[in-house]
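To keep things clear, I will list the structure first and then write my remarks on it.
The values are calculated or read from the model by the stated rules, or taken from the named source; none is laboratory data. Since the structure is predicted, the reported quantities are computational estimates derived from the model, not experimental observations. Reconstructed Cβ throughout: ideal geometry from the backbone, glycine too, with neighbour counts over all protein chains shown.
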Amino acid sequence: MQCSKPYRFGDDQVLNRLNLWFCVILLSISLFSFSAVADVKDVKVESSASGSQVLFKLSKKSKYSHFTLKNPNRVVLDIKGATGTLNYRAKGSGELIKRIRNSTPKTKQDSRFVLEVAKLVDYEITHLSRPDGSYIQVKFDDPQPISAMITSGQTERDDDIIIAIDAGHGGRDPGSIGPQGTYEKNITLAIAKKLQKRFNAEPGLRAVLTRDADYYISPSKRPLIARKKKADLLISIHADAFHTPQPRGASVWTINNGRAQTEFARLLENKSRQSELLAGANTVIAESEDDNASFVRTILDMTKDATRKSSYDASDYIISELKKVTKMHKKERQYASLAVLTAQDIPSILVEVGFISNPTEEKNLNWSKYRQRLADSIFTAVSKYFKVYPPDGSLWARLNKTGDIKHVVKAGESLYKIAKRYDISIAQIKQANNLKRDSLKPNQTLLIPKG
């Protein structure tokens, strides 16, 4: 005998209620998904002395990603889960940001904005919260060039050759991130500190850091710090990256010649800054206004050419030493438009110590001994360079001259300190100066024999 399932009153009501709850859940998910969409309401393009910036106004905070493309130069910004169309065109031919337009994103839920720029320069992207809403800020570092300080009289320089070491990135700017999560900013700071220690242990050399901890400094401000420290050379440490893991090796960069010429022209045209450029020399030419522009051009052109040549020479020394401890991605010096390299009167070099995006090199860069090798190679290169090209007035320049050196004793100096500075013995100094005692007097002149 076949039995049928008994019918119970209320089964249809239960099913109806389940269906109702299911529809409510679906509707809630749909409403949540809809509300999660961010609207791009407006775009603002602003310019300042330090560069240009683009502000994307959003209805709510949204995640983003970005990358760059060349030929033509573009910065591409993908805003996650956003809608909105833009079509901005520059008002003037000299502006950095030429156009902002939409393009096809990777996923339909996102919006892609393409920023067409006159040249690719350093930039950073951050979220901003303002009283009128949420923004994504794209800030370009394209400052006026760092100008040369030229005085009419000879100024006394430090005995030491001063090297400014710039640890790239820092703070809110991690730089590139390796496959295992290594931050470029940590690698650059670790190498910079090792390099500083090597320089400071060498008589006649002294290193200063643009940053000594994990905080952010704008790329355009780093040459200013080197200037304030009266640096004879600026070395910026970075780690390279690529969207595939294969590329590896170090490279050495100096200022792009085209950019240097362009910025030099802008610098000359900006007459309001000529008092800064010429300092005391400005008073000398004040009576000859007709020759002012010609004088400025001549002096600054000489400074720029000498600085660029020094950058080239020093970079070649660094390449020669780096290739002894690591593979070189580029075997010759490279040129780039980077804000950190724009000082007109300080030879400036950027060293990419390897590709943090390469798993093997990421592992190496996390190895303290490997970072020490990189620091040692840069130290050796810079030491060799300054032995051939010591700055006038420095201790190393005096040591390069034939014959004995005259040293004027400063308050607080001892024979031990002076002997250590010149890398000779106390006995040699006492013998050359017929000294019977170790005591010295301020302003006493000593003959320092060649070691």
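Brief remarks on what is shown
- Across segment 420-451, the qualifying residues are those that are more than 43 Å from the chain's Cα centre (by Cα) and among the charged types (D, E, K, R), and the one among them that is surrounded by the most Cβ atoms within 10 Å (Cβ to Cβ) is Lys430.
- Any hit, segment 404-421, residues being in contact with a helix residue (DSSP H, G or I) (Cβ under 6 Å, 6 or more places away or on another chain) and among the polar types (S, T, N, Q): no
- Hey, Lys271 under 20 Å from Lys193 (Cα atoms) and modelled with pLDDT under 95 or not: no
- Annotation note: of Arg421, Arg373, Arg398, the sole residue that is of a type in the set (D, E, K, R) and at pLDDT 85 or above is Arg373.
Okay, residues lined up against (1) touching a helix residue (DSSP H, G or I) at 6+ places or on another chain (Cβ under 7 Å); (2) of a type in the set (Ser, Thr, Tyr):
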site: Ala339; (1), (2): yes, no
site: Phe355; (1), (2): yes, no
site: Ser368; (1), (2): no, yes
site: Ser383; (1), (2): no, yes
site: Ala397; (1), (2): no, no
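- Pairs, first within 15 Å of Leu350 (Cα to Cα) and in the same structural domain as Lys194 (by TED's automatic domain parsing) in segment 221-236, second part of a helix (DSSP H, G or I) and among the small types (Gly, Ala, Ser), C-beta under 8 Å, six or more apart: Arg222/Ala339; Pro223/Ala339; Leu233/Ser310; Leu233/Ala314; Leu234/Ala226
- Tallying residues that are outside any strand (DSSP E or B) and either among the hydroxyl-bearing types (Ser, Thr, Tyr) or crowded, with 19+ Cβ neighbours inside 10 Å (or both) within segment 230-240 yields 2.
- Residue check for Ile319: part of a loop (DSSP other than H, G, I, E, B), within 20 Å of the chain's Cα centre (by Cα) and among the β-branched types (Val, Ile, Thr): no
- Residues of segment 346-356 classified as of a type in the set (A, V, I, L, M), buried (at least 24 other Cβ atoms within 10 Å of the Cβ) and part of a strand (DSSP E or B), total: 3
- Residues of segment 324-345 that are in contact (Cβ under 8 Å) with a residue 60 or more places away in the chain, within 21 Å of Ala375 (Cβ to Cβ) and part of a loop (DSSP other than H, G, I, E, B): Thr326, Lys327, His329, Lys330, Arg333.
- Of the residues Ser52, Ser65, Ser93, Ser33, the single one that is at pLDDT below 85 and under 26 Å from the mean Cα position of the chain (by Cα) is Ser52.
- Filter result for Gly171 (modelled with pLDDT of 90 or more, within 19 Å of Pro223 (Cβ to Cβ) and either surrounded by fewer than 16 Cβ atoms within 10 Å (Cβ to Cβ) or not assigned by TED's automatic domain parsing to the domain that holds Lys197 (or both)): yes
- Considering (1) in a strand (DSSP E or B); (2) in contact (Cβ under 8 Å) with a residue 24 or more places away in the chain, the lone condition that Pro105 does not fulfil carries the number (1).
- Any hit, segment 408-417, residues being among the small types (Gly, Ala, Ser), outside the structural domain of Gln180 (by TED's automatic domain parsing) and modelled with pLDDT of 85 or more: yes
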